[in-house]
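To keep things clear, I will list the structure first and then write my remarks on it.
The values are calculated or read from the model by the stated rules, or taken from the named source; none is laboratory data. Just so it is clear, the model here is predicted, and its values are computed rather than measured. Glycine also receives a Cβ, built like all others from the backbone with ideal geometry; neighbour counts cover every protein chain displayed. Heavy atoms of the whole protein, side chains included, go into the accessibility calculation; ligands, DNA and RNA do not. Shrake-Rupley method; radii C 1.70, N 1.55, O 1.52, S 1.80 Å.
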Number of protein chains: 4
Amino acid sequence: MKNTSFKGIIAYPITPFDKEEKVDIRLYKTLLERLIVSGSHAVAPLGSTGVMPYLTDEEKEAITEATLQQVNGRVPVLVGVSNLTTDKTIYHAKFAEKAGADAVMIIPMSYWKLTDDEIVGHYDAVAKQISVPIMAYNNPATGGVDMSPALLKRLLEIPNVTMIKESSGDVQRMHYLKRELGDDVAFFNGSNPLALAAFSAGATGWCTAAPNLIPELNIALYNAIQKNDLQEAQKVFYKQLNLLKFIVNKGLPRAIKAGLEIQGIEGGFLRSPLKPLKESEIHDFKLILEELE
Amino acid sequence: MKNTSFKGIIAYPITPFDKEEKVDIRLYKTLLERLIVSGSHAVAPLGSTGVMPYLTDEEKEAITEATLQQVNGRVPVLVGVSNLTTDKTIYHAKFAEKAGADAVMIIPMSYWKLTDDEIVGHYDAVAKQISVPIMAYNNPATGGVDMSPALLKRLLEIPNVTMIKESSGDVQRMHYLKRELGDDVAFFNGSNPLALAAFSAGATGWCTAAPNLIPELNIALYNAIQKNDLQEAQKVFYKQLNLLKFIVNKGLPRAIKAGLEIQGIEGGFLRSPLKPLKESEIHDFKLILEELE
Amino acid sequence: MKNTSFKGIIAYPITPFDKEEKVDIRLYKTLLERLIVSGSHAVAPLGSTGVMPYLTDEEKEAITEATLQQVNGRVPVLVGVSNLTTDKTIYHAKFAEKAGADAVMIIPMSYWKLTDDEIVGHYDAVAKQISVPIMAYNNPATGGVDMSPALLKRLLEIPNVTMIKESSGDVQRMHYLKRELGDDVAFFNGSNPLALAAFSAGATGWCTAAPNLIPELNIALYNAIQKNDLQEAQKVFYKQLNLLKFIVNKGLPRAIKAGLEIQGIEGGFLRSPLKPLKESEIHDFKLILEELE
Amino acid sequence: MKNTSFKGIIAYPITPFDKEEKVDIRLYKTLLERLIVSGSHAVAPLGSTGVMPYLTDEEKEAITEATLQQVNGRVPVLVGVSNLTTDKTIYHAKFAEKAGADAVMIIPMSYWKLTDDEIVGHYDAVAKQISVPIMAYNNPATGGVDMSPALLKRLLEIPNVTMIKESSGDVQRMHYLKRELGDDVAFFNGSNPLALAAFSAGATGWCTAAPNLIPELNIALYNAIQKNDLQEAQKVFYKQLNLLKFIVNKGLPRAIKAGLEIQGIEGGFLRSPLKPLKESEIHDFKLILEELE
């Protein structure tokens, strides 16, 4: 068994900006603290939710350091270190490890469609330079490359690639991972509307930005699954489904910011070209949040 | 609540042919009898598995009558009556009702892509001519038209359209149906590899050809769900998953025939252009079946 | 060189129905006569435009015989004989040959996704029973099966498969056919909005329902290509493009009927589930036709 | 008429690296000089071929300056300045303008799927800061966002957005652009295997990396079109088609490097994760190049 300390609800913070579109570290820490004390089982800065690709190297480093300081060992920390070039990915992975990250997450960002050999070479080169575990992350919608289950299996032969995050939205891939890899590998679901299906299929955890808004419901779903109570899981899942679909459809950074503000919490600004939700979208979101009360 | 007697495992028989590619009613009855006594909760002749579109009108009528005779009230019977034209669909629906069918299943077969209004008009025209319930069946892969959840919702306004069968393979559509339609409508899963995900999402039943080969495992999955035992359901599902994927990938009529013959049961012949599985495919199938023993 | 008499504009008649949705042979002959004298180089009854799959065997035979009578040798006739089963396809192909068809068109209609071997077996079985040339027709959107260029190449090894009709809408497949098959094989374009691109790529002809409405423009495009006058071809093509897109988007049988009626010509009725265009669609169509005057 | 000096063959240089994967400016200038004197009508550094997204800001600036120096007014220069954030895009656009670029090319790179309003806002913000023309570039395969023809039309309302480059590979979009925008806008084809179809549809130019290997054939195609000689254009196009397909399928930076080396020209190294073509691929490429001699 490849062991890791990650399981359950892995919460993704947003990266808030100030009015001049500079990273707002003070507000970031405030928002992160909410996640740490929410009951989530881990936090994951510099994910898609944290608009990692829109940040400069210095900003990524500042977020990494702020996270480890603020968490201070209370929950495991998974840091996103993906980059288009192998060299830069190694750089950020080493930085995260030195700062105290418990694991790093890597999506093979693609401009030119990468071959399977190139992707394996990319992970292998990074893995050789660090000793913390790596979560290989598949998300064709953001990363632009779709790693087949067979390729994910190849990646898992690299010693410190110990976790898979599947965000392709295809339940059958989770079936494949579970069947092929058995209990040796932890697979995580990154597709919010598939949370119930993924846990039913045996997912170890759920990587999600939803705990920024509804941590109790996210954790209640996990707890029902842990208690083998499918009926309760179903009930809790359908309760939060509308919100999960809304935040995915609108884009997580835009939607989480809007949701925080509806809840009376400062959400900061977005970095261009990303723009806030429109009034009508915020109105719809209010109705969804009100239903949950 | 729109009530129907259908739930659980709805078993789909194949239509076997003789050497001259004529429908073999004697063998059909033998194979059907196996399904009736297998513990399946209903049977459904003239589905895709039963190669309905490859049959003449007379052959369809003969299969319908043979089924009702053989079943003789032991389980509910759902008869496929789909046709490209509305007129022919009405003809077969009336024939099935008169023969004693408990319900009919209709997929909007499409050569020309039908508009939503045309599809509603089609179902409505048929519904007006019969009084048994109708299962509206969505299967873009065979029928060629993909009915949106919103269209399915429109169809359910027709009084005797009381059941939905979703075979698009998209769990999120099942979520939509469950959430939008609540407990008023029974939705059935027609995608074999999604059996666990669909039951987790709240499906009333599973329409499947698998009971021709492994009825105990199919029923065990349903029973685990009924007992709210997700862990058992997961275990039973993963046991049968390889077989479910195999029969779907190879095409149900070809695969069920091959599987029956591996199990020592006469499976009859296929009608051209369909051809039997190749030796290497039969070899693979044997390994999958052996694993289950 | 595999020789055939087909080239240029191959015109597809609709199959009109009377008020009771019975085939209206009298009106069919009237509409067909318009195509024969329009300057089109051939006619093709029982295509998708002619809603062939919605007709009974007897209706198909009546249309075939009516066509050959009416044409009476003035232009070559290509008869659609596709059917889900091999046996029925042979039946209709033999009927068409006996009735005097110059060639038959076959699309591998698919309910169950056919394997390449099944498709080759299907064409081969038909080809052995007739001696007129066969046009193999690829149209994933209506037939449900997408024949790869490599499979089309295999089909062309069957002696009387001498023509390919490509309606997948992918110019690059036409490039492949032209490059791989050179001048030995005639390939025809069945995608109206690709008419210019297909002729530029070297297509021998254009299979189209547009001559029911604008034969002069269709023929003018072909003539410009024959004269190696790309600028004229471009001009003529852009003139008719809006109409070509409209009739494809709305479905050819619905759109041709509507267009005929706008032009003051009787178009008959459609067979359910197909319904006429809506008022707003007819209004848009009028504007498109007016622009052409 | 929105006038620009760009038309014909716009040649894209690769960005070569040294053994340590540092940008090799000396080799870049050598390779660029070949393009300048090849007869191509313009050059375009920092495109996808030039692996722009894999470069640091400093490297992009060095390439921009090296290009303008080397070209020294002999042909128009189009510089790629795309970036995920609006701020960085403005920065690079201003740099390019100051360095002497005749125009800049911008693709809306997407990590989070951008809304139409965000894309318009992005272009508008950049356009306000520069006075050279902008080519809006649509390439879903690399950029991850697919701009609809309607959105492209909106972008063209921004005064200095004067050119469109379409690389979606869909001829019908070119038809739309030509029809909707008439002669006011120059549209360029970025899909190599569609070169003939695009020119037939009225494209002003062809953005391509092929002149690194076969400039005479690329220019011959354009000249045939200019002379309204479709038959010659067809002949010249089919001659080069295999090469065009090969370089696209293998990825332009990998393929151009390999092709240069087959021709005895130094191609430099790639930056990881990109790897060179395999021996078997190079072998196939040699055969394709030999056929052209």
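All of (1) in a helix (DSSP H, G or I); (2) more than 19 Å from C:E33 (Cβ to Cβ); (3) within 13 Å of chain B (Cβ to nearest Cβ) hold for C:D284 with one exception: (3). If you go through region A:204-214 and keep only what is part of a helix (DSSP H, G or I) and under 19 Å from A:S5 (Cβ atoms), you end up with just A:P211. Report, by residue number, each residue of region A:222-242 that is among the aliphatic types (A, V, I, L, M) and either buried (at least 24 other Cβ atoms within 10 Å of the Cβ) or within 12 Å of another protein chain (Cβ to nearest Cβ) (or both). The answer is A:A224, A:I225, A:L230, A:A233, A:L241. Candidates in region C:167-186 are the residues that are in contact (Cβ under 8 Å) with a residue 12 or more places away in the chain and over 29 Å from C:G251 (Cβ atoms); of these, the one that is most open to solvent (accessible area, probe 1.4 Å) is C:D183. Could you list, in sequence order, all residues of region B:126-166 that are open to solvent by 20 Å² or more (accessible area, probe 1.4 Å), away from every other protein chain (no Cβ under 13 Å) and farther than 23 Å from B:E97 by Cβ? Residues satisfying the conditions are B:S148, B:A150, B:K153, B:R154.
The numbered conditions (1) of a type outside the set (S, T, N, Q); (2) over 21 Å from D:K275 (Cβ atoms); (3) touching a Ser or Thr at 6+ places or on another chain (Cβ under 6 Å) are all true for A:A101 except (3). Residues that are polar (S, T, N, Q), more than 24 Å from B:I219 (Cβ to Cβ) and not in a loop (DSSP other than H, G, I, E, B) within region B:31-72 comprise B:T64, B:Q69, listed in sequence order.
Could you tell me whether A:I219 is β-branched (V, I, T), within 13 Å of chain D (Cβ to nearest Cβ) and touching a residue at least 60 places away in the same chain (Cβ under 8 Å)? Against the criterion (β-branched (V, I, T), within 13 Å of chain D (Cβ to nearest Cβ) and touching a residue at least 60 places away in the same chain (Cβ under 8 Å)), A:I219 does not qualify. In this structure, is B:A103 within 14 Å of another protein chain (Cβ to nearest Cβ), surrounded by 20 or more Cβ atoms within 10 Å (Cβ to Cβ) and modelled with pLDDT of 95 or more? The answer is no for B:A103. Counting residues in region C:239-251 that are over 19 Å from D:A197 (Cβ atoms), in contact (Cβ under 8 Å) with a residue 60 or more places away in the chain, in a helix (DSSP H, G or I) and basic (K, R) gives zero.
C:E20 meets each of the listed conditions (1) closer than 21 Å to C:R271 by Cβ; (2) among the charged types (D, E, K, R); (3) part of a loop (DSSP other than H, G, I, E, B); (4) more than 14 Å from every other protein chain (Cβ to nearest Cβ) apart from (4).
The set of residues in region A:111-125 that are over 17 Å from A:M163 (Cα atoms) and either buried (at least 22 other Cβ atoms within 10 Å of the Cβ) or not small (G, A, S) (or both) comprises A:Y111, A:W112, A:K113, A:L114, A:T115, A:D116, A:D117, A:E118.
Residue under question is B:P215, and the condition is that it be at pLDDT 95 or above, touching a Ser or Thr at 6+ places or on another chain (Cβ under 8 Å), open to solvent by 10 Å² or more (accessible area, probe 1.4 Å) and not acidic (D, E); does it hold? Yes: the conditions hold for B:P215. For region B:249-287, filtering for residues that are buried (at least 20 other Cβ atoms within 10 Å of the Cβ) and of a type in the set (V, I, T) leaves 1. For region C:188-204, filtering for residues that are farther than 17 Å from D:D229 by Cβ and crowded, with 24+ Cβ neighbours inside 10 Å leaves 10.
Here is a yes/no grid of residues against (1) open to solvent by less than 30 Å² (accessible area, probe 1.4 Å); (2) under 21 Å from C:V185 (Cα atoms):
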site: C:A11; (1), (2): yes, yes
site: C:R26; (1), (2): no, no
site: C:T30; (1), (2): no, no
site: C:P45; (1), (2): yes, no
site: C:T67; (1), (2): yes, no
site: C:A96; (1), (2): yes, no
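Restricted to region B:73-87, and to residues there that are part of a loop (DSSP other than H, G, I, E, B) and of a type outside the set (A, V, I, L, M), the residue that is nearest to the other protein chains (Cβ to nearest Cβ) is B:T85.
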